[in-house]
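> Here you go, one structure.
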Amino acid sequence: MALTLLRHTITAAPTGTVYGQLDVELAASAAEDLELAVSNLAIQPDLIISSPLQRCLKLATFLSEKINIPVETDARLMELHFGEWEGKRWDDLAGPALDFWMQHYVTVAPPGGESYQDLANRVKEALDFYVNVAENQEVVWVTHLGVARAVKAITGEFSLENSFGWKLPFGTAFTL
């Protein structure tokens, strides 16, 4: 399996908002952003798997309509769940709880959320599944930065602790 991860395009969430698994809308520039993301995709996928969150599903559906193959959704490709912090501004969360999480995010979950290790475990489960199901196919995952970082760590490019600094711009892709 050849796997390409395509990050969703820019959202309408205000800058500095923790949105994790909140189902936020795409930005007003979505039509142009979707077109650019798809036009820059360097492969012709056989299979499109998307996070069910609309910011990914809209891009996956746009790609699907361009190349005439269906989209499948997989909840394991959703962003990190920030629990009670979702919908709040990072600046409003400043304090001991956020400081502790920032120092231990791999193993500690935000209140009601999941740790980065939890995210990596479900992404690894999805990766193992699709390696077996789509053995000789070009697969695109339309997903989130946290998932992309976890894949980089799972495949040995970074440790989980060091992958948080890696960036993937909105609407761009990388292939393993």
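The values are calculated or read from the model by the stated rules, or taken from the named source; none is laboratory data. Remember, it's a predicted structure, so these values are computed and weren't measured experimentally. Here the Cβ is made from the backbone with ideal geometry for all residues, glycine too, and neighbour counts use every protein chain on show.
> Considering only residues that are surrounded by 19 or more Cβ atoms within 10 Å (Cβ to Cβ) and in contact (Cβ under 8 Å) with a residue 24 or more places away in the chain, which ones fall in region 131-153?
Answer for region 131-153, where residues must be surrounded by 19 or more Cβ atoms within 10 Å (Cβ to Cβ) and in contact (Cβ under 8 Å) with a residue 24 or more places away in the chain: VAL139, VAL140, TRP141, VAL142, THR143, HIS144, GLY146, VAL147, ALA148, ALA150, VAL151, ALA153.
> Looking only at region 54-78, count every residue that is touching a residue at least 40 places away in the same chain (Cβ under 8 Å) and either in a loop (DSSP other than H, G, I, E, B) or over 25 Å from LEU127 (Cβ atoms) (or both) and tell me the total.
Total satisfying the criteria: 2.
Condition check ((1) more than 24 Å from ALA12 (Cβ to Cβ); (2) in contact with a strand residue (DSSP E or B) (Cβ under 9 Å, 6 or more places away or on another chain); (3) hydrophobic (A, V, I, L, M, F, W, C)) across all residues:
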residue	(1), (2), (3)
CYS56	no, yes, yes
LEU63	no, yes, yes
LYS66	no, no, no
GLU79	no, yes, no
LEU93	no, no, yes
TYR116	yes, no, no
LYS124	yes, no, no
GLN137	yes, yes, no
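> Being buried (at least 19 other Cβ atoms within 10 Å of the Cβ) and part of a loop (DSSP other than H, G, I, E, B) is true for just one of ALA109, ALA120. Which residue is that? Steps first, answer last, please.
Values: ALA120 fails: part of a loop (DSSP other than H, G, I, E, B).
The conditions single out ALA109.
> Among the numbered criteria (1) touching a His at 6+ places or on another chain (Cβ under 7 Å); (2) at pLDDT below 95, which single criterion is violated by GLU114?
Only one criterion in (1) touching a His at 6+ places or on another chain (Cβ under 7 Å); (2) at pLDDT below 95 is unmet by GLU114, namely (2).
> Hey, another quick one. Quick check on my filter: what residues within region 65-89 are surrounded by 13 or more Cβ atoms within 10 Å (Cβ to Cβ) and on the phi > 0 side of the Ramachandran plot?
Once the filter is applied, which keeps residues that are surrounded by 13 or more Cβ atoms within 10 Å (Cβ to Cβ) and on the phi > 0 side of the Ramachandran plot, region 65-89 yields GLY83, GLY87.
> Which residues, counting only those in region 20-39, are in contact with a strand residue (DSSP E or B) (Cβ under 7 Å, 6 or more places away or on another chain), in a loop (DSSP other than H, G, I, E, B) and within 21 Å of ARG149 (Cβ to Cβ)?
VAL24
> Conditions: (1) surrounded by 14 or more Cβ atoms within 10 Å (Cβ to Cβ); (2) closer than 22 Å to ALA13 by Cβ; (3) over 16 Å from the mean Cα position of the chain (by Cα). MET102 meets all but one. Number of the miss?
(1)
> So, one more: Residue by residue through region 154-173, note down the ones that are aromatic (Phe, Trp, Tyr) and without any contact (Cβ under 8 Å) to a residue 40 or more places away in the chain.
Hits for region 154-173 are PHE158, TRP166.
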